[in-house]
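Below is one structure; the comments refer to it alone.
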Amino acid sequence: MRRLSLSLVESQVKSLVERCCVDLSADLLDGLEKRRGGEPCPWAENTLASLLENARVASRERIPLCQDTGMAVFFVLLGDDLLFERDNGTKGLEETLQRAMRDAYRESSFRTSMVMDPLRRKNTGDNSPAFVHWEFLPGDSLTISFIAKGGGAENMSRLKMFTPACSAEEIEAWIVETVVQAGSNPCPPTVVGVGLGGNFDTVSWLAKRALLRTPLEAANLDPFYGGMEERLLKKINGTGIGPQGLGGETTSLAVHVEAAPCHMATLPAAVNINCHAHRVGRVVL
Amino acid sequence: MILPYRLTTPLKDEEMAPLRAGDQVLLTGDIYTARDLAHKRIQEAIDRGLPLPFPLKGAVLFYAGPTPKPPHRHVGSVGPTTSGRMDPYAPLLYSLGVKATIGKGPRSPRVKEAQLLHQCLYMAALGGGAALLSLSILSMEVVAFPELGPEAVYLFKVRDFPLTVINDLHGGDFYLEGPARYREGRP
């Protein structure tokens, strides 16, 4: 067993959250810069230049890249051989994550965007609760990934239960259609997370988890899905939607597909879109 | 490089008329933020004949919910939210004098009709460009519904706030024309 201090986890997670909402990651900056250089549409090129300028201003002024500092989502990979020292006064890891998130949002003056109830809609005032997804694995490491997920892009998500008779082409066409329907709403150029397989609940989790993949240009290790990602990105960037939906080539920066086993009667598919302010990061402890 | 138009609030019809979908605008003056819950409250006030939190006549509405003002700066970050969610409220607000709205994303056919009828502009600000946009904001203050937090109505004093005309006063729509112009190879 390895002992791990929750105080250490808390301080690391807090700075992860603060960093993610202010500093665009190097792979995103590279991706935007590369796309700006190759963008054939002049006003789209200007838009991409403005997004890069926005990232510079946020970093310099230490303010959020986007006013929608999002719902806080954690994906935790928890080694079975870990023993936590409760040296921060919390009851454990979940409470530690929640408090680190709340403190980061309050101290950094991030917007609190969560409401208590979907119909009565009172702001919780501290962006709580964060959504926490757990996965367990052998060993003694702890990996915590964070995504600040904006509401506008989240609203463009789609889920469909296909049947096994459907071809890969039909599913790809549906994914592209999802991006076209979203148009300018999710603040393109977007990152497109796709989940295939699993069941009704895990397929949307897969689609969101797909957004975590770094670096941005990394392909699925399975060449079958790597090829699908490449085709999808090409098709999406052939739609002409462009940055901010004002026309141009750069509609998406990356498409990440994650697949999982499913029931022989089913073929679930889900799309979770993220905006160009792709605020994703991780700490490994 | 085509120079941007300069507009100052209150907006005048004769200054808005020459604008075309796709034009760049630098806006100076007063703009009011209102998003989902603020719209619901304004609608309720109108339905019940209660006084409104700010004069709608001539107003420019910004669909946005800013971050709080950090200690080291005069304003937080602010950029547009998705306008389509405010479509159910927009035609009534145009009929009561709102002259322009600012957001991101397309408007419904019903809203576009109302914009033409009442001669209202719809402009987009840089979505996800909140840090950059904040440089054009001189001050922010809550003017209504403070209990809504980020969904309260804020008055922003802006100088040269950068915008793109989406729906002009003549039926133009840059969310249709921009991608079409690019696809047809005539950027």
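Each other residue within a Cβ distance under 13 Å of A:ASN88 adds +1 if Lys or Arg and -1 if Asp or Glu, for a net charge of -2. Which residues does a label at B:ARG159 reach in the stretch B:24-39, if reach means a backbone N under 18 Å from a point 7 Å past the Cα toward the Cβ? The answer is B:26-31. Lacking any other cysteine beta-carbon closer than 4.7 Å, the following Cys residues of the protein assembly as shown have no compatible partner: A:CYS20, A:CYS21, A:CYS41, A:CYS66, A:CYS166, A:CYS262, B:CYS120. Mean partner shielding of peptide B:55-67, defined as the number of other chain Cβ atoms within 10 Å of each residue Cβ, is 2.
Per q in 0.08 1/Å, what log10 I(q)/I(0) does a Debye calculation on the alpha-carbon atoms of the protein assembly as shown return? Per q value, in the given order, log10 I(q)/I(0) is -0.48.
By definition, a body whose alpha carbon gyration tensor gives a ≥ b ≥ c is oblate when a/c is 1.5 or more and a/b is not larger than b/c, and the stretch A:70-110 fits this oblate description.
When the scattering of the stretch B:1-101 is computed by the Debye formula from its Cα atoms alone, each counted once and equally, what is log10 I(q)/I(0) at q = 0.22 Å⁻¹? At q = 0.22 Å⁻¹ the computed log10 ratios are -1.28.
Relative to the Cα centre, the charge distribution of the stretch B:5-184, modelled as +1 at Lys and Arg Cβ and -1 at Asp and Glu Cβ, gives a dipole magnitude of about 240 debye.
Counts of other chain beta carbons within 10 angstrom of each beta carbon in peptide A:54-60 average 5.
If R0 is taken as 35 Å, the Cβ-Cβ distance between A:LYS234 and B:LYS69 corresponds to a FRET efficiency of 0.20. In angstrom, the C-alpha Rg and Dmax of the stretch A:39-80 are 16.3, 53. How far is the Cα center of the stretch B:118-183 from the Cα center of the stretch A:210-285, in Å? So the two Cα centres are separated by 29 Å. In a solvent-free Debye calculation with one equal scatterer on each Cα, what is log10 I(q)/I(0) for the stretch A:1-41 at q = 0.17, 0.28, 0.29, 0.34 Å⁻¹, listed in the order of the q values? Each listed q corresponds, in turn, to -0.63, -0.90, -0.92, -1.03. Reported value for chain B: 113 Å³ per residue, from the convex hull of its C-alpha atoms.
On the principal axes of its alpha carbon atoms, the stretch A:1-108 extends 56, 28, 21 Å, with the longest extent given first. Only helical runs count toward this figure. For chain A, summing -39,500 (n - 2.57) over DSSP H runs of n ≥ 4 and dividing by all residues gives -12500 deg cm²/dmol at 222 nm. Placing dummy labels 7 Å off each Cα toward the beta-carbon, the span from B:LYS57 to B:HIS170 is 3.0 nm.
A short reminder: the numbers here are calculations on the coordinates, not readings from a lab. Because the structure is predicted, anything quoted here is derived from the model rather than measured. Positions of Cβ are backbone-derived with ideal geometry, glycine not excepted, and every protein chain shown enters the neighbour counts.
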